[in-house]
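Visitor: Once you've had a glance at the structure underneath, I'll fire off some questions.
Where a number appears in this text, it was derived from the coordinates with a stated rule and is not lab data. The model shown is predicted, which means the values in this text are computed figures rather than measured ones. For neighbour counting, all protein chains shown are included, and Cβ atoms are generated from backbone atoms with ideal geometry for every residue, glycine included.
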Amino acid sequence: MRHFLTLRDFSKEEILDILDLAIEIKKDFNQKKPTPFMSDKILAMIFEKNSTRTRVSFEAGIYQLGGIGMFLSSKDIQLGRGEPIKDTARAIGSMVDMIMLRTYSHQRLEEFAQYSPVPVINGLSDSFHPTQLLADYLTMIECGIYMPERKYNFPYITNPKVAYIGDGNNMANSWLFLAAKLGFDICIASPRDYMPDNSVVSEALEFAKQSGANISLTHSPQEAVKGACVITTDTWASMGQEDEKNIREKAFQGYCVDDALMSLADENAVFLHCFPAYRGQEVSESVLEGSQSKVFQEASNRLHAHKGIMTWLHKNMV
């Protein structure tokens, strides 16, 4: 049995297999063909953090795969009243076929997976957001920006470069692992006190030795975007950091992805954002709504990427 907690745990081939499933499932979806790969299966969705796209994509996704989604807010179950994680994991896992957990501490997620008798998916933790990254790479594939590992029916760029601008948070960590596993180049630009986790960077650099990825860090957004064909960012203050908002806004001055910054990238570069987006802060209105922005295609791809993840985990249960 496999869990989907971080991309660290998956080989390049496994990540691509999940993406292959997502592409085929999306193709069938667009042709209105049924995909009952999880017929009569139950997905428990536990939310300790609020969500829009994660909830809708997983709930709609399991339904489209022939199963049922069960929404469980931490306010509605005993986990939110102090029940030990291992008790909740074993109890819920004995009644359903798969669990998606969206939480704060990544350690809570790991403990939950340790005791769960069914696969657990990381719907987001403070450290990683791997499900989002598969939607992002699916969008890159559709835009012709990917490594030529598969003969997709899209043109491809031989050696794509991604520039991540902003907070070195769970999204930055996840981008590092995706690039390091698949072998494309990435440059992360963050303020000095908001760089990605050192241990994640070190691990990513080790993976990059095998894949050939070039990983670099800088404090200069302008340096990061030079030659990049994907520009991406995230909110400066994530959930749980609201009390730091004013401090962070000052620290991230100069890190807004605007037209001037986009002009330094490859002329065919695309812009991605995992949402929610705050116009005028991490991204300008003109970039978010501009012709290079693929953010709503990216958001829609959450549905198909998540169906690919669930299907792959279900097929690989022992």
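Visitor: Calculate the translational D of the range 69-214 in whole µm² s⁻¹ from Stokes-Einstein, where the hydrodynamic radius comes from the Kirkwood formula applied to all Cα pairs, the temperature is 10 °C and the viscosity 1.306 mPa s.
Guide: 93
Visitor: In whole Å, how far is the Cα centre of the range 171-242 from that of the range 1-38?
Guide: 24
Visitor: Quick one: which residues, 5+ away or cross-chain, put their amide H under 5 Å from the amide H of I121? H built at 1.01 Å from N.
Guide: Under 5 Å from the amide H of I121: F4, I99, M100, L101.
Visitor: Which whole-number percent is the relative contact order of the chain (Cα, under 8 Å, 6+ apart)?
Guide: Reported as a whole number, the value is 20 percent.
Visitor: Further question on the same structure: Over the Cα atoms of the range 156-219, what radius of gyration and what Dmax do you get, in Å?
Guide: Reported Rg and Dmax, both Å: 10.9, 36.
Visitor: Starting with the highest mean, order 155-161, 252-258, 27-33 by the number of other Cβ atoms within 10 Å, averaged over the residues of each peptide.
Guide: 252-258, 155-161, 27-33
Visitor: Which whole-number percent of Cα pairs in the range 47-142 have a distance greater than 16 Å?
Guide: On the way: 2630 of 4560 pairs.
Pairs farther apart than 16 Å: 58 percent.
Visitor: Then there is this: Once the convex hull of the C-alpha atoms of the chain is built, how many Å³ does it hold per residue, rounded to a whole number?
Guide: On the way: hull volume 40.4 nm³, N = 318.
It is 127 Å³ per residue.
Visitor: Let me check the size of the range 52-101 from its C-alpha atoms; what are the radius of gyration and Dmax in Å?
Guide: 12.0, 34
Visitor: At q = 0.13, 0.14, 0.15 Å⁻¹, what is the base-10 log of I(q)/I(0) for the range 91-149 according to the Debye formula with one equal point scatterer per Cα and no solvent? Please give it to two decimals.
Guide: -0.45, -0.51, -0.56
Visitor: Going by alpha carbons, how many degrees (0 to 90, nearest 10) lie between the helix axis of 130-142 and the longest principal axis of the chain?
Guide: Helix 130-142 sits roughly 60 degrees off the main axis of the chain.
Visitor: Round to the nearest 10 and give me the degree value, 0 to 90, for the angle of helix 295-315's Cα axis relative to the longest principal axis of the chain.
Guide: The angle comes out at about 40 degrees.
Visitor: Roughly how many debye, to the nearest 20, is the charge dipole of the chain about its Cα centre, given +1 on each Lys and Arg Cβ, -1 on each Asp and Glu Cβ, and no other charges? Display every interim value, and only then the final one.
Guide: Values: 32 positive and 40 negative charges, 158 e Å.
Rounded to the nearest 20 debye, it is 760 debye.
Visitor: Subtract the Cα-Cα distance of I77 and K27 from 0.36 nm times their separation in residues, and report this length gain in nm to one decimal.
Guide: So the extension gain works out to 14.3 nm.
Visitor: So, by mean Cβ neighbours within 10 angstrom, what's the order for 76-86, 172-182 with the highest one leading? Please report the intermediate quantities before stating the final value.
Guide: Numbers: 76-86: 13.6, 172-182: 26.3.
Packing order, densest peptide first, comes out as 172-182, 76-86.
Visitor: I'm checking a number: the convex hull volume of the Cα atoms of the range 144-293, normalised per residue, in Å³. What is it?
Guide: 108
Visitor: Further question: Treating only the Cβ atoms of Lys and Arg (+1) and Asp and Glu (-1) as charged, compute the dipole magnitude of the range 144-293 about its Cα centre; round to the nearest 20 debye.
Guide: Its charge dipole is roughly 480 debye.
Visitor: When averaged across all projection directions, what area in nm² does the alpha-carbon convex hull of the range 128-184 cover? Mind dumping the intermediate values first?
Guide: On the way: hull surface 15.0 nm².
In nm², the orientation-averaged hull projection of the range 128-184 is 3.8.
Visitor: Now a separate question. Whole Å is fine, so just give me how far the alpha carbon centre of the range 267-318 lies from that of the range 66-104.
Guide: 26
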